[in-house]
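Input: a single structure, listed below in structure tokens.
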Amino acid sequence: MEVEPARRDAAALDPELLQLAELAPGALRENSIIADALYSQWLVLPETAKLVKSLIEDAKTGAVLNVVGSSASTNAASSSSLPSMFPAGSAPPLSPRSTSGSPRVMRRGSGAGPSSLGSPLKLVSEPVREVIPQFYFKNGRPPTKDLKEQCLSRTDHLFFGGEGLQIQEFRSVTKDICKLPSFFSSVLFKKIDVACTGTVSRDAFVEYWINDNKITMDMASQIFEILRKPGYTYLTQDDFKPVLKELLATHPGLEFLQGTPEFQERYAETVIYRIFYSINRSGNGHLTLRELKRGNLIAALQQLDEEEDINKVLRYFSYEHFYVIYCKFWELDTDHDFLIDKENLIRYGNHSLTYRIVDRIFTQIPRKFTSMSEGKMGYEDFVYFILSEEDKSSEPSLEYWFKCIDLDGNGILTSNEMQFFYEEQLHRMECMAQEPVLFEDILCQMIDMIGPENESYFTLRDLKRCKLSGNIFNILFNLNKFMAFETRDPFLIRQERENPTLTEWDRFAHREYIRLSMEEDGEDASNGSGDVWDESLEAPF
């Protein structure tokens, strides 16, 4: 090996007498062995030891380090203090400086004094720590000082005198301080008055609303906390009953029901059923905070508190909508036992449904009945049915009918499953002297309409992506709506374009309410001939 002789030759040289001939810039790069030997020899020079010791002392004290390239002003002076192993003018050229300045120059600045950043060793050992502010609060975010003072000021004004407020006086607190719909007044009052004293003091209200951080919550969280029972993480239908009771007692649009408590109860039940149908997507009767926030109930409650005409609040609370649902149920419930069976339901919509789909509904596959009566559907079950039948564009409706058609429950609708239901439709068309449409042609039309990811079957995801997916179910089991879709009445098309915000359910309820009102007016004009209502249950709608 040639490495060791080269090192010995370099070590034997006298540093004072060491002189090198002129070297080309790439000479050392081509012969790295000589370069390593020269570097080792340079390290043992006395001047090198003094320089390294001086640099270490400067680094400890934070002084400017006098090294080559540290700055433009110190470069010449410091280069003369370094023991050079190259003849004058023979050192390799430095890389050209950037016109924007060396990073070291930018960090150190142009001053000759000590660096503002101190020692580089100190910077490495003590990195800058970024403080992340707290973003999660188990009991809600505490109110700011200004917000707390404003709320306390308004509270002191309403609780003037210090004697507390009774339930009939608490409405202004609910509306002005808590910014909640006024018909939450009673339930909020009872939530604070846990001892049932009949009075809420200022301190009790401040403790519940301000100190417990209710004031900083969004309205959905506030309502959820007010309604839910202690120890529960969800809301049930019973939790909404006190709110509906106060609504019926205080809303001007429902004053005409004051003398008919049985219909007040039916109205409240219908509203609650509609809320859980639309918002409780899990279908287990347990309404979570997440479901409440994702739904549109809060917006409907705010509108309800400001609107005197109850029928303009189309979401959940319209009395006309309740009237249509209840009358439809009453028409089918011929024996008025508040239960309907298969033979009753098959008459719905002028016998528009097929026997196969009615049988499928009564298997309770789409939704388990709550009637507790074998083979019969209760009022709540009918509410879920009619909302699904009359607005097949909504997600709850699509899920309801998808379960009906999915005979094997594997999450896809195959052509065999769809053909099973369409066969009865085809037979009915033949009996009515309608020109039959073969299933193969219908299947091609449905595939073009939906555009599924896989043309051999439909998934629920495919149906939810298409605005026309509700027509698939009408084709399979509702002959009247299937024929209406094929003909497409221009008048109905113009109505949809004029009111694009209305849902299919809104349009259906409006049409049916007008029809039912005209029928009732006609019966009144003929002295009640052809009675539809039982006298013991009839109400002045």
The lone exception for Lys145 - which of (1) at pLDDT below 80; (2) among the basic types (Lys, Arg); (3) loosely packed, with under 11 Cβ neighbours inside 10 Å it fails: (1)
From the residues in the stretch 254-289 that are part of a helix (DSSP H, G or I) and among the charged types (D, E, K, R), which one is surrounded by the most Cβ atoms within 10 Å (Cβ to Cβ)? Arg274
Boolean, Glu395 is under 28 Å from the mean Cα position of the chain (by Cα), surrounded by fewer than 17 Cβ atoms within 10 Å (Cβ to Cβ) and under 30 Å from Ser318 (Cβ atoms): yes
The stretch 423-478, residues that are open to solvent by 60 Å² or more (accessible area, probe 1.4 Å), hydrophobic (A, V, I, L, M, F, W, C) and part of a loop (DSSP other than H, G, I, E, B): Met432, Ala433, Leu438, Leu468
Could you list, ordered by first residue, the pairs with Cβ atoms under 6 Å in which the first is in the stretch 194-214 and within 15 Å of Ile177 (Cα to Cα) and the second is part of a strand (DSSP E or B) and open to solvent by less than 30 Å² (accessible area, probe 1.4 Å), at least 6 apart or interchain? Val200/Leu165
Residues of the stretch 15-46 being among the polar types (S, T, N, Q) and at pLDDT 75 or above, in sequence order, are Ser40, Gln41
Quick one: how many residues across the stretch 160-183 are open to solvent by less than 90 Å² (accessible area, probe 1.4 Å), touching a helix residue (DSSP H, G or I) at 6+ places or on another chain (Cβ under 9 Å) and either in a loop (DSSP other than H, G, I, E, B) or not assigned by the TED database to the domain that holds Thr199 (or both)? 7
Exactly one condition in (1) in contact with a Pro (Cβ under 9 Å, 6 or more places away or on another chain); (2) open to solvent by 40 Å² or more (accessible area, probe 1.4 Å) is not met by Glu486; state its number. (1)
Enumerated helices (runs of 4 or more DSSP H) restricted to the stretch 184-231, each holding at least 1 residues that are modelled with pLDDT of 95 or more, touching an Asp or Glu at 6+ places or on another chain (Cβ under 8 Å) and surrounded by 15 or more Cβ atoms within 10 Å (Cβ to Cβ): 185-192, 219-227
Can you say whether Leu301 is farther than 29 Å from Tyr422 by Cα, touching a residue at least 60 places away in the same chain (Cβ under 8 Å) and under 37 Å from the mean Cα position of the chain (by Cα), as far as the supplied structure shows? yes
Looking at the stretch 398-422, which of the residues that are in contact (Cβ under 8 Å) with a residue 60 or more places away in the chain and more than 17 Å from Arg461 (Cα to Cα) is most open to solvent (accessible area, probe 1.4 Å)? Phe420
Could you tell me whether any residue of the stretch 401-408 is more than 31 Å from the chain's Cα centre (by Cα) and over 19 Å from Ala509 (Cβ atoms)? yes
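The values are calculated or read from the model by the stated rules, or taken from the named source; none is laboratory data. Values in this document were obtained by computation on a predicted structure and should not be read as measured data. We place every Cβ from the backbone using ideal geometry, glycine too, and count neighbours over all the protein chains shown. Accessible surface areas use protein heavy atoms only, side chains included; no ligands, DNA or RNA. Shrake-Rupley method; radii C 1.70, N 1.55, O 1.52, S 1.80 Å.
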